[in-house]
1. Taking the Cα atoms of region 324-394, report the difference between the largest and smallest coordinate on each principal axis, in whole Å and largest first.
2. Given the convex hull over the Cα atoms of region 625-718, what projected area results after averaging over all orientations, in nm²?
3. Quickly rank 507-513, 656-662 as a protection proxy: mean count of other C-beta atoms within 10 Å, highest first.
4. Along its principal axes, what span do the Cα atoms of region 229-296 show, with the longest given first and each in whole Å?
5. Any idea what the alpha-carbon Rg over 2.2 N^0.38 Å comes to for region 332-642?
6. Rounded to two decimal places and with Rh computed the Kirkwood way over Cα pairs, what is Rg over Rh for the chain?
7. At q = 0.23, 0.27 Å⁻¹, what is the log10 ratio I(q)/I(0) for region 173-253, with the Debye formula run over Cα points and no solvent?
8. Report, in deg cm²/dmol and to the nearest 500, the calculated mean residue ellipticity at 222 nm for the chain, where each DSSP H run with n ≥ 4 adds -39500 (n - 2.57) and the sum is divided by the residue count.
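Derivation of every value follows stated rules applied to the coordinates shown; laboratory data play no part. This structure is a prediction, so every number in the text was calculated from the model and none was measured. For neighbour counting, all protein chains shown are included, and Cβ atoms are generated from backbone atoms with ideal geometry for every residue, glycine included.
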């Protein structure tokens, strides 16, 4: 049964701290979209709506890992503004439908770059602006859900040009077929098909200006094309006109991943040409969504970091079905859905904290995400691993749609069919690819059968635990027993002598030599994007049983202590770039470490959790372009901050339990999915008092190291008393 969940905005806070609500400020003003665009954050600064289909942002035209989003703050050139972007991924793709204005340039097949200065560049939720220095053109961008809106102000008179570069590509992406044609005297449409990380990507577009321009010059495969249409591997269209000083040109670009008509219809999402009104409309949407959590703190930097982090958690997944409900399915055929369909699911990352956060902040969205997984399953036969534009990229390990679906079922979220979801979970667990057949045969993944064997074993074991919990809830006792047994498979790779999870071959013998500081980024490594140190602690579903392998809780605490204090050196000729944000061998810049600091609390040492969480919050995040210690990864890096700043974290993502940490805020107000409000009050919070000494919910003591999702939904006041 599908029902609509009405989300009520949070109440205005009152009390101590930096009370931006009380002074009439909007929470969205604290967002800085440039945070994460520098270093290895890989975010983009451009305009989008929460989970919107269009991400309209500048591209530097530079190839490389730190330009996966198309933009890096260290760059000083812009070659165009394209309409699709990835937020914080470690692989570059998209950047489709690139447009660039210029002055005193003639039509040709080369890119038309311009330098720019950050002092002449601004960004806020739903809006981006930059002055193209070489052309003296001010570019402003905003978006709706399905279209991009451009405003170009030509500061000086002269022969102007707007260039549509359908051949533009970054990193893995490569165009396979580009097309354009005139729909009527004011609208051009076409498509851009490409291959790359997404092997079969289809983007359809429609362009309309606010005034009639002369017929464009076109190039197809670098040759002058025949108007009014053309098709080739690459295509470029150039509109030339005489610009007056301070003249403004407006342009809308509709986008669809289904067909051309969807792109044309997207142009009508916003009627008229009032650019400022469209900017305000986007700002209002962002304010409403970001305002579902309101915090108070005396630290302005925390405000900026927190709300930018929350903003980043709303940039993916991205809407995939178009304004008409159409999209290109997993097998390349046109598909339709009356409900919204989403893609760009970085599940290896987001299952840990970003998706659990959405069950609180976006409960009406979560069923749509799960139904998107289920549509993928019905078309492809398995739940997605990492789907990009409904292409299964098979990137990373595990079958981590499972814990997200399990979390929703265990939290009783409505809006999707539990029976279909359960069958889909089992199908992914019983597949015969990605070494799951070997995993079932041996109880672990042998290294001589598949690389990354240790990581795969640990993650499959966790995903199977999630299936077991759903089986229990739905009354499938036999299944529950099978998957509970599989969930204990991690024990088969534990080496008591070294205290690490290690790789075994199919003959049951350890792979030698073993070095816990060794990193191999290639497919033949034993651990994906990490060392034994980072991956040894991934048993969030059985902490006590895991501790017993080492000799008890005290032994595991000592092991955790060593993780944070040992050398940060890594050995090997192909060390993974993803291992960053190091404290000892703890690597906050990559997701496998994200739950580790909270293990202390589960072992009875909450003060150690507090120490490490507070250290990570204050050293691994900042309100600067390089303010992230690693890839943003579609919201996970930021979700860790949002949860932890509030004083909670889903250490076991599908348990419905949030472990207490070390809150940065003084107060918070969270609009709950049932219309209630949860108010978090933090007493005696400062740089010395970092540990939660006592927690009460509506006056009743919480005696465990966590609070449950069910308890949070009661609303009221969660009081956290801090102590040294």
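1. 34, 27, 16 Å, listed from the longest principal axis down.
2. On the way: hull surface 29.0 nm².
Hull-based average projected area comes out at 7.2 nm².
3. Details: 507-513: 10.1, 656-662: 24.9.
Highest-to-lowest ranking by the protection proxy: 656-662, 507-513.
4. 55, 39, 23
5. On the way: Rg = 19.0 Å, N = 311, 2.2 N^0.38 = 19.5 Å.
Here the answer is 0.98, to two decimals.
6. Values: Rg = 25.6 Å, Rh = 26.3 Å.
Radius of gyration over Kirkwood radius for the chain works out to 0.97.
7. Log10 of I(q)/I(0), two decimals: -1.09, -1.29.
8. Details: 18 runs with 183 residues, N = 724.
When only DSSP H runs of four or more count, the value is -7500 deg cm²/dmol.
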